[in-house]
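Asks: Got a structure for you, written out below as structure tokens; questions coming shortly.
The values are calculated or read from the model by the stated rules, or taken from the named source; none is laboratory data. What you are looking at is a predicted structure, and each value in this text was computed from that prediction instead of being measured. For neighbour counting, all protein chains shown are included, and Cβ atoms are generated from backbone atoms with ideal geometry for every residue, glycine included. Accessible surface is based on the protein model in full, side chains and every heavy atom, while ligands, DNA and RNA are left aside. Shrake-Rupley method; radii C 1.70, N 1.55, O 1.52, S 1.80 Å.
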Amino acid sequence: MKIGCPKEIKPQEFRVGMTPNAAQEAVARGHQVLIESGAGIGAGFDNDAYVAAGAQIIDTAEEVFATADMIVKVKEPQAVERKMLREGQLLFTYLHLAPDPDQTHDLLESGCTAIAYETVTDANGGLPLLAPMSEVAGRLAPQVGSWTLQKANGGRGVLMGGVPGVGPAKVVVIGGGVVGTHAAKIAAGMGADVTVLDRSLPRLRYLDDVFGGTFKNQYSTAGATAELIQDADMVIGAVLIPGAAAPKLVSRAQLSTMKPGAVLVDVAIDQGGCFETSKATTHADPIYDVDGIMHYCVANMPGAVARTSTIALGNATMPFMLSLADKGWKQACQDDPHLMEGLNVHAGKLTYYAVGKALGIDVVSPNVVVKS
Ligand SMILES: NC(=O)c1ccc[n+]([C@@H]2O[C@H](COP(=O)([O-])OP(=O)(O)OC[C@H]3O[C@@H](n4cnc5c(N)ncnc54)[C@H](O)[C@@H]3O)[C@@H](O)[C@H]2O)c1
């Protein structure tokens, strides 16, 4: 199969869909890998690294799209890219179609087959192609939060680990899933005094069993949150209610109960944010002040560490990419029901129910189209 990887063109996106290692694995199986010139530069992979892996460097995105049987990307195709997709071509990338009717209509019109990273599942009910980015964002949250806590950045001027004779920062993590657990591990590793709140008792039991001596946990109620934030130097928002906007768990009125210069890091901002005063920011201008409380609300946190994020995403997508290339998408999906969950669009038909419901478009079962 000819596998094409264009350079990402969404603003501030430095990741790339295929690492040289992934390209090398595909080439070793007899596939042809076409990388747009400079596609990996933002993640620290130059053209030579891909050539050494056996890939071909292609001058333009147009050529990559025109030649490849499968396009492997990171972000959803932009309008100009959607025009280059064609009938029978396979697209494997993040799509997030539910809030994006324009993209959905363009993909349907193109006749391509599109498999979305974010809806591929695993045997434990998890989302294996979203998890690596949650791990990155979680681990990054205390890092950016501790920078924001510095006096020159508007914070309280508190050091995460304290020093002998001076206590550590107090960090509250709301939501103990993938993001929250990784955030808590790193904050505790920096020496902070960390408490994780979650509403799932099984999750709290897991956190207690595995991390009992490293950080504390508490059942999440409005009362517990109100009490903990008063004393916190940093609050990390990491909640998710699947398919819904994030619940607002800290109100504007509550900011006045917090210590001046305390920091809110709202990782859940991509779902609308879990603090009333959160609004999405960018890496270029990540923090702002509301009532003396510093907010960090970057919606694409993994972009800050494009190299780590690219490799982490590539590790997760590679087995699926190879299976699609080796078997073709129909056989690969028939052999793996979790990959089949990723099928969103085929030949002008929508194949993912939640997207159809959100956009009022009829859906055809993926089981039907893979057998067609
Ligand atoms: N900003 C970014 O760059 C970025 C990157 C990755 C993920 N995210 C977002 O981070 C959020 C968390 O993702 P995740 O992968 O950790 O999800 P997850 O499903 O693994 O964890 C969410 C946790 O929130 C808990 N929860 C739900 N309601 C709660 C409440 N009221 N109080 C306390 N806990 C509650 C759930 O029980 C669950 O354990 C999502 O909104 C995700 O989209 C953002």
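Asks: Mind checking which pairs have a first residue in segment 139-165 that is of a type outside the set (G, A, S) and a second that is open to solvent by 40 Å² or more (accessible area, probe 1.4 Å) and assigned to a helix (DSSP H, G or I), Cβ under 8 Å, 6 or more apart or different chains?
Replies: From residues that are of a type outside the set (G, A, S), the pairs are R139/K185; R139/I186; L140/A304; L140/V305; P142/I186; Q143/I186; V144/A304; N153/W147.
Asks: Can you find, within segment 274-295, the residue that is least open to solvent (accessible area, probe 1.4 Å) among those that are over 26 Å from G44 (Cα atoms) and within 11 Å of the ligand (Cβ to nearest atom)?
Replies: Here is the first cut: in segment 274-295, the ones over 26 Å from G44 (Cα atoms) are 274-280, 287-295.
Filter once more, keeping what is within 11 Å of the ligand (Cβ to nearest atom): 274, 278, 280.
Values: C274: 0, S278: 20, A280: 72 Å².
Here the answer is C274.
Asks: So, one more: Quickly run through segment 335-362 and pick out the residues that are in a strand (DSSP E or B) and of a type in the set (S, T, N, Q). Give the steps one after another, and end with the answer.
Replies: Restricting attention to segment 335-362, the residues satisfying the condition of being in a strand (DSSP E or B) are 343-346, 349-350.
Residue satisfying the conditions is N344 alone.
Asks: Here's something else I'd like to know. Please pick out the residue among D59, D100 that is free of Cβ contacts under 8 Å to residues at least 24 places away in the same chain and either open to solvent by less than 20 Å² (accessible area, probe 1.4 Å) or not aliphatic (A, V, I, L, M) (or both). Talk me through it step by step, then tell me what you get.
Replies: Values: D100 fails: free of Cβ contacts under 8 Å to residues at least 24 places away in the same chain.
Going through D59, D100 in turn, just one is free of Cβ contacts under 8 Å to residues at least 24 places away in the same chain and either open to solvent by less than 20 Å² (accessible area, probe 1.4 Å) or not aliphatic (A, V, I, L, M) (or both): D59.
Asks: Hey, another quick one. Sort out for me the helices (runs of 4 or more DSSP H) sitting completely within segment 17-87 that have 2 or more residues that are of a type in the set (S, T, N, Q).
Replies: Working: elements: 20-28, 47-52, 61-67, 79-82.
Filter on segment 17-87 gives 20-28.
Asks: With the requirement that a residue be of a type outside the set (F, W, Y), buried (at least 21 other Cβ atoms within 10 Å of the Cβ) and closer than 14 Å to M70 by Cβ, what does segment 297-338 give you?
Replies: Matches in segment 297-338: T317, M321, L324, A325, A332, C333.
Asks: Hey, among Q271, Q254, which residue is free of Cβ contacts under 8 Å to residues at least 40 places away in the same chain, touching a Leu at 6+ places or on another chain (Cβ under 7 Å) and open to solvent by less than 80 Å² (accessible area, probe 1.4 Å)?
Replies: Numbers: Q254 fails: touching a Leu at 6+ places or on another chain (Cβ under 7 Å).
Checking each option against the conditions leaves just Q271.
Asks: Shifting gears a bit: Condition check: in a helix (DSSP H, G or I), hydrophobic (A, V, I, L, M, F, W, C), open to solvent by 10 Å² or more (accessible area, probe 1.4 Å) and within 15 Å of the ligand (Cβ to nearest atom). Does A183 satisfy that?
Replies: When the stated conditions are applied, A183 does not pass them.
Asks: Right, something else. For residues that are near the ligand (Cβ under 9 Å from one of its atoms) and farther than 26 Å from P168 by Cα, scanning just segment 241-260, find the one that is modelled with the highest pLDDT. Outline the logic, then answer.
Replies: Just the residues of segment 241-260 that are near the ligand (Cβ under 9 Å from one of its atoms), to begin with: 241-242, 246-247, 249.
From what is left, the residues that are farther than 26 Å from P168 by Cα are 241-242, 246-247.
Values: I241: 86, P242: 73, A246: 89, P247: 93.
This residue is P247.
Asks: Could you check how many residues of segment 222-240 are of a type in the set (G, A, S) and either modelled with pLDDT under 95 or assigned to a strand (DSSP E or B) (or both)?
Replies: Of all residues in segment 222-240, those of a type in the set (G, A, S) come to 222-224, 226, 232, 237-238.
Retained after the next criterion (residues that are either modelled with pLDDT under 95 or assigned to a strand (DSSP E or B) (or both)): 237.
Here the count works out to 1.
Asks: From the list T282, T277, which residue is farther than 30 Å from A224 by Cβ, assigned by TED's automatic domain parsing to the domain that holds A226 and either hydroxyl-bearing (S, T, Y) or in contact with a Phe, Trp or Tyr (Cβ under 7 Å, 6 or more places away or on another chain) (or both)? Let's see the steps before the verdict.
Replies: Working: T277 fails: farther than 30 Å from A224 by Cβ.
Answer to the check: T282.
Asks: Just checking, how many residues over segment 347-372 are under 24 Å from the mean Cα position of the chain (by Cα) and either surrounded by 16 or more Cβ atoms within 10 Å (Cβ to Cβ) or β-branched (V, I, T) (or both)?
Replies: Start the filter on segment 347-372 by keeping residues that are under 24 Å from the mean Cα position of the chain (by Cα), which leaves 350-359.
Then keep just the ones that are either surrounded by 16 or more Cβ atoms within 10 Å (Cβ to Cβ) or β-branched (V, I, T) (or both); that gives 350-352, 355-356, 358-359.
Number satisfying all stated conditions: 7.
Asks: Only one of these conditions is not met by L127: (1) within 15 Å of the ligand (Cβ to nearest atom); (2) in a strand (DSSP E or B). Which number is it?
Replies: For L127, the exception is condition (2).
Asks: With respect to Q89, determine if the residue is surrounded by fewer than 21 Cβ atoms within 10 Å (Cβ to Cβ) and either touching a residue at least 60 places away in the same chain (Cβ under 8 Å) or over 22 Å from the mean Cα position of the chain (by Cα) (or both). Let's see the steps before the verdict.
Replies: Working: surrounded by fewer than 21 Cβ atoms within 10 Å (Cβ to Cβ): yes; either touching a residue at least 60 places away in the same chain (Cβ under 8 Å) or over 22 Å from the mean Cα position of the chain (by Cα) (or both): yes.
When the stated conditions are applied, Q89 passes them.
Asks: Scan segment 96-107 residue by residue and report those that are part of a loop (DSSP other than H, G, I, E, B) and either at pLDDT 95 or above or of a type in the set (G, A, S) (or both).
Replies: Within segment 96-107, the subset part of a loop (DSSP other than H, G, I, E, B) is 96-100.
Within segment 96-107, A98 is the sole residue that qualifies.
Asks: So which residues in segment 133-155 are outside any helix (DSSP H, G or I) and buried (at least 20 other Cβ atoms within 10 Å of the Cβ), if there are any at all? Can you show your working first?
Replies: Narrowing segment 133-155 to residues outside any helix (DSSP H, G or I): 149-150, 154-155.
Of everything in segment 133-155, those that are outside any helix (DSSP H, G or I) and buried (at least 20 other Cβ atoms within 10 Å of the Cβ) turn out to be L149, G155.
Asks: Tell me whether segment 149-165 contains one or more residues that are of a type in the set (G, A, S), within 25 Å of Q254 (Cβ to Cβ) and within 16 Å of the ligand (Cβ to nearest atom).
Replies: Pass one, segment 149-165, residues of a type in the set (G, A, S): 152, 154-155, 157, 161-162, 165.
Checking the rest, the ones that are also within 25 Å of Q254 (Cβ to Cβ) come to 154-155, 157.
Add one more test, that the residue is within 16 Å of the ligand (Cβ to nearest atom), and what stays is none.
Within segment 149-165, none of the residues are of a type in the set (G, A, S), within 25 Å of Q254 (Cβ to Cβ) and within 16 Å of the ligand (Cβ to nearest atom).
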